[in-house]
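Visitor: One structure coming up, written as structure tokens, with questions to follow.
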Amino acid sequence: MKHAVFVLILLCILSSPALAHHSFAMYDQTKTLTLTGKLTRFVLGANHAQLLFELLGPDGKPQLDANGKPVVWGVETGSAKQLAGAGITVETFPYGTIFTVSLWQLRDGRNFGAMTLTGGRLIGCGTTFPEGGCNEKTGKVYLNGGGGQVSGARRLGR
């Protein structure tokens with residue numbers, strides 16, 4: 001009996017970290033958005049990091065809302081450790097960095113999403129909007145679809 005109780009307690013302790021991660025149910029996984037923006041904040045986190053940015057149009061100009069203010073978006077990525085493994089640090093993406101990201105938007109329509117687990121990309125293009133837009137040809141690909149941090153997130157229970 002003591003052995004069974006010990007095993008039960010051990011299983012509960014070991015399963016707790018997996019339960020702490022949220023599912024992707026809050027994101028619309030039926031369509032992927034690819035957005036380009038100018039970084040306004042890089043929030044590192046143990047479980048997830050976030051990139052907050054002002055949306056840019058194809059011409060590199062800020063997209064404005066009905067009140068004339070920049071449209072702000074955010075994207076959740078993997079953990080700071082996973083990003084560092086892909087060569088991404090706060091120094092890599094300082095304030096004002098232009099980047100392109102693929103994400104699944106929140107189902108409720110708010111301007112926030114999560115990097116897709118397949119086909120997701122994060123491309124950095126420096127602080128000047130490149131001619132032709134921020135893409136694989138004009139920037140550096142840090143995360144790319146089926147490999148690295150993006151697919152690794154699924155293995156870590158995200």
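The values are calculated or read from the model by the stated rules, or taken from the named source; none is laboratory data. What you see is a predicted model, and the numbers here were worked out from it, not measured in a lab. When we count neighbours, we look across all protein chains shown, and the Cβ atoms used for this are built from the backbone with ideal geometry, even at glycine. The protein model used for the area step is the full one, side chains on, heavy atoms only, and it has no ligands, DNA or RNA in it. Shrake-Rupley method; radii C 1.70, N 1.55, O 1.52, S 1.80 Å.
Visitor: Among (1) at pLDDT 85 or above; (2) more than 22 Å from Thr138 (Cα to Cα); (3) open to solvent by 50 Å² or more (accessible area, probe 1.4 Å), there is one condition Glu54 misses while meeting the rest; what is its number?
Guide: Every condition holds for Glu54 apart from (2).
Visitor: Would you check if Ala46 is modelled with pLDDT under 95, in a loop (DSSP other than H, G, I, E, B), of a type outside the set (Val, Ile, Thr) and more than 13 Å from the chain's Cα centre (by Cα)?
Guide: Yes, satisfied.
Visitor: Now a separate question. Any chance the stretch 84-100 includes a residue that's among the hydrophobic types (A, V, I, L, M, F, W, C) and more than 25 Å from Lys140 (Cα to Cα)? Spell out how you get there, then give the answer.
Guide: Within the stretch 84-100, the subset among the hydrophobic types (A, V, I, L, M, F, W, C) is 84, 86, 88, 90, 93, 98-99.
This time we only want the ones that are more than 25 Å from Lys140 (Cα to Cα), so: none.
Checked against the condition, which is being among the hydrophobic types (A, V, I, L, M, F, W, C) and more than 25 Å from Lys140 (Cα to Cα), the stretch 84-100 yields no hits at all.
Visitor: Has the stretch 71-86 got any residue that is more than 15 Å from the chain's Cα centre (by Cα) and not hydroxyl-bearing (Ser, Thr, Tyr)? Steps first, answer last, please.
Guide: Pass one, the stretch 71-86, residues more than 15 Å from the chain's Cα centre (by Cα): 71.
Then drop every residue that is not not hydroxyl-bearing (Ser, Thr, Tyr), which leaves 71.
Checking the stretch 71-86: at least one residue is more than 15 Å from the chain's Cα centre (by Cα) and not hydroxyl-bearing (Ser, Thr, Tyr).
Visitor: Identify, from the list Thr34, Thr30, the residue that is open to solvent by 40 Å² or more (accessible area, probe 1.4 Å) and touching a residue at least 60 places away in the same chain (Cβ under 8 Å). Write out each step before concluding.
Guide: Values: Thr30 fails: touching a residue at least 60 places away in the same chain (Cβ under 8 Å).
Among Thr34, Thr30, only Thr34 is open to solvent by 40 Å² or more (accessible area, probe 1.4 Å) and touching a residue at least 60 places away in the same chain (Cβ under 8 Å).
Visitor: If you scan the stretch 67-104, which residues turn out to be among the polar types (S, T, N, Q) and either in contact with a helix residue (DSSP H, G or I) (Cβ under 6 Å, 6 or more places away or on another chain) or closer than 19 Å to Lys38 by Cβ (or both)? Reasoning before the result, please.
Guide: Start the filter on the stretch 67-104 by keeping residues that are among the polar types (S, T, N, Q), which leaves 67, 77, 79, 82, 89, 92, 97, 100, 102.
Asn67, Thr77, Gln82, Thr89, Thr92, Thr97, Thr100, Ser102 - these are the residues of the stretch 67-104 that are among the polar types (S, T, N, Q) and either in contact with a helix residue (DSSP H, G or I) (Cβ under 6 Å, 6 or more places away or on another chain) or closer than 19 Å to Lys38 by Cβ (or both).
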